[in-house]
Structure formats: C-alpha cells, structure tokens
1. Look at segment 363-410 and say how many of its residues are at pLDDT below 90 and within 30 Å of residue 326 (Cβ to Cβ).
2. Going by what's in this entry, would residue 197 be described as assigned by TED's automatic domain parsing to the domain that holds residue 45, within 20 Å of the chain's Cα centre (by Cα) and closer than 30 Å to residue 259 by Cα?
3. So how many residues does segment 146-164 have that are in contact with a strand residue (DSSP E or B) (Cβ under 6 Å, 6 or more places away or on another chain) and under 15 Å from residue 131 (Cβ atoms)?
4. Look through 36, 40 and report the one residue that is in contact with a strand residue (DSSP E or B) (Cβ under 6 Å, 6 or more places away or on another chain), touching a residue at least 12 places away in the same chain (Cβ under 8 Å) and outside any strand (DSSP E or B).
5. Within segment 320-339, restricting attention to residues that are within 22 Å of the chain's Cα centre (by Cα) and over 18 Å from residue 147 (Cβ atoms), which residue is surrounded by the most Cβ atoms within 10 Å (Cβ to Cβ)?
6. From the list 132, 120, 81, 63, pick out the single residue that is in contact with a strand residue (DSSP E or B) (Cβ under 7 Å, 6 or more places away or on another chain) and at pLDDT 95 or above.
7. Looking at segment 90-104 only, could you name the residues that are farther than 24 Å from residue 257 by Cβ and touching a helix residue (DSSP H, G or I) at 6+ places or on another chain (Cβ under 7 Å)?
C-alpha cells in the first residue's frame, strides 16, 4: 500500500530488503513467489557495475534447478569451469575437480553478475507482490519501542518511507543497515588487498590455470575468452607504494607469474585501468534485532579466496526464506525465528572464513619479508592423489550445509 504524507511517499509492506545484490534479489524472488509482499531497494539505477563476484557455483545452479529455471538460465552467455588448477613456481597442479559433486551441474558458471541479477528480477516481476525500487538509497532505520519497523530512503523525486514487518539488510560489506542498527562487528584483519584489471588475451591460447604463485606473489587469471580478468594480490595498504614503483614493475611481475600473456601486459599503460579491491573478512556477532535481519556480506564479508561470497549470500537468502516465509505470509516474525536463521548459517560461514583466514595468513599473504609458501608435499598430494582434490571442490562448489528450496509458491 502506498500513500503520500507531507511531501513524503509512504509504502507499507511485509518485508523491505535493502540491497539489490545476489542475497537481496534471491530473497525477494523467493518471498514474492510465496505470496509475501516484498519491496527491494537498490541505490543504483541498474546492476551494470564492474568488479562484482560473477561466479555461479554448482550449489546455486542446483537451487535454480529446484526452481525449474536451470535450463533457461544456462541459455544466457556464460563460461564453465570444471576444475581449478594452480601454477606454483612453474609447476601446474590441479587443486579442485568438480566432476564428483552430487549436483546436476558439475562446474562453476562464470557470468557477469548483472546478467544473473537481471534474470532473477525478470522472474520475480512475474509475481504481483514483488516491487523493485531502483535509484532508492536507504539512509536510516525507523524504530519504535526498540523495534525496527521500517526504512527511510531517498529517491530522485523525494523522500520515501517504507513501513515493514521485517527489514533485511543485504547491502554489502559497507552496509548502512548494520551501521544504523548498531550491530557489533568482529574484524579478522586480512593482510592482503587485490588489484583488479583486464589483460587482453591471445585467442590462440587454450585453457590455462586459474591461480599463479611464485616467490610469495599470487595472481588469479579468469579467462574471459578475449581477455583475462586479473586479480593481483598485494600487501594490505600498499597500493600507493606499488604505484611509486611504477607500472613497468607491475607488468614485469605479472609477466614473471604468467609469461604467456606476452606483450599484452603492456596494454596496462595507466593506473586508471587498475582498481583496488580492499579485502575484508568480518562477521556480525549478532545478525539481527527485533524487526531486522542482516545476511550476505552485510552479515559476513568474505575474502575473494575460492570466489564463494556470492554462493554464501545466496545460501543465506534461501535459509531466510525457508525459515521466515510462513510467518511473513501473516505478519511479523519473532526474534527466535531470526536467531534460528543466524544459527543455521553462522556455522558454515565460520568454516569458510576460518579457511580463508588460514590461506591468507599462512599460504597467500603477499608479504615481502615472510611470504606464504605452499609446502611441496601438499602440491604432491594434489597432483598425484585425485581424492585429495574432492574436499576443496566440495567446499568451493557447494560449501558446508547447502540449502534447498523448501518454501512453496502459492
């Protein structure tokens, strides 16, 4: 229901989701599919932004299959990664093989995130209870008697007030919702950042490794057919120092890790072509307050290691829909229901974050003085014992405690 009061539009709904990323869009779709009135706020005018996670993992593809959407989804342009290889000091080693996963799709689909989000929006809009508000920026929470009862937002045409039985923060690692709610954050102080850039690719090159490690320097190359999306690991807070060393030094380091990029690396001729991604691993101690829940990066920021952030956010959304749909069909949810969502998802988040913290502190830390080193026996096991590749494949491709669609459409 919408009304206008003193130059301010007022909307009343069951659930207001702040943030149109993977968690927000999946949750909005699932709730609308079950007849719940839901409003999703997205501060940008579209989803066309670079440097967002664009890996669709086997567990997410399995969810799309459960929703009857997989075949249509896979008609969209994408690439399929069926195994992960790392080249360490010139030695190429397979570290994850998705062939044995108990899923229909035994691969990671690489797809621009905006295509994935637009797909979810298209499906959600088929339900009359789904309402997406673009260019709508949440600026504060509405609180009554220590309970969150809505969101204040701004739009190109004025102010907007959304009154809701539940507010869900899915607005990322810089979440305004968790800030305004005063939720306490535990930060794990990851020692790395990432330089993100594009390097043209020789069309004659076949499939290459995903990761490259040499003398403590680590880089990821994601094959985009006509170019590589490059993630170059640097020590935390050292971007300005690297700039002072010059582009030629960065080009030489990239070429040392992956000689096959050849002269294409010289097309990186301006720092404007290189973006800094500040890496964080953090987690809310409590994900909720009465009338409010945070999920996805707003509840637990993940490192790029394993590319699992999008998958974990979507798993959160499915768990939230499974737990809260029945109550939201009638009205508010209880604090115990919100607590059950956190307890269900906190355990897998802790496992993945613990693994990422270990990797960044012991194996891939970009340290100049004490670089991380992968022990040779670990590389030998990955290379010669195929069973050893199944655990990382499961953790990356599916993750601990995968969720399944339970909430039924009306």
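1. 5
2. Here the answer is no, as residue 197 does not meet what is asked.
3. Keep residues of segment 146-164 that are in contact with a strand residue (DSSP E or B) (Cβ under 6 Å, 6 or more places away or on another chain), which gives 148-154, 159-164.
Next cut, under 15 Å from residue 131 (Cβ atoms) only: 150-151, 153, 160-164.
Qualifying residue count for the region: 8.
4. On inspection, the qualifying residue turns out to be 36.
5. 320
6. On inspection, the qualifying residue turns out to be 132.
7. In the first step, residues of segment 90-104 are kept if they are farther than 24 Å from residue 257 by Cβ; the result is 98-104.
Of everything in segment 90-104, those that are farther than 24 Å from residue 257 by Cβ and touching a helix residue (DSSP H, G or I) at 6+ places or on another chain (Cβ under 7 Å) turn out to be 98, 100, 101, 103, 104.
Residue by residue, here is whether (1) without any contact (Cβ under 8 Å) to a residue 60 or more places away in the chain; (2) over 16 Å from residue 198 (Cβ atoms) holds:
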{"position": "233", "(1), (2)": "no, yes"}
{"position": "249", "(1), (2)": "yes, yes"}
{"position": "265", "(1), (2)": "no, no"}
{"position": "269", "(1), (2)": "yes, no"}
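The values are calculated or read from the model by the stated rules, or taken from the named source; none is laboratory data. Everything numeric in this text was worked out from a predicted model, so none of it was measured. Glycine also receives a Cβ, built like all others from the backbone with ideal geometry; neighbour counts cover every protein chain displayed.
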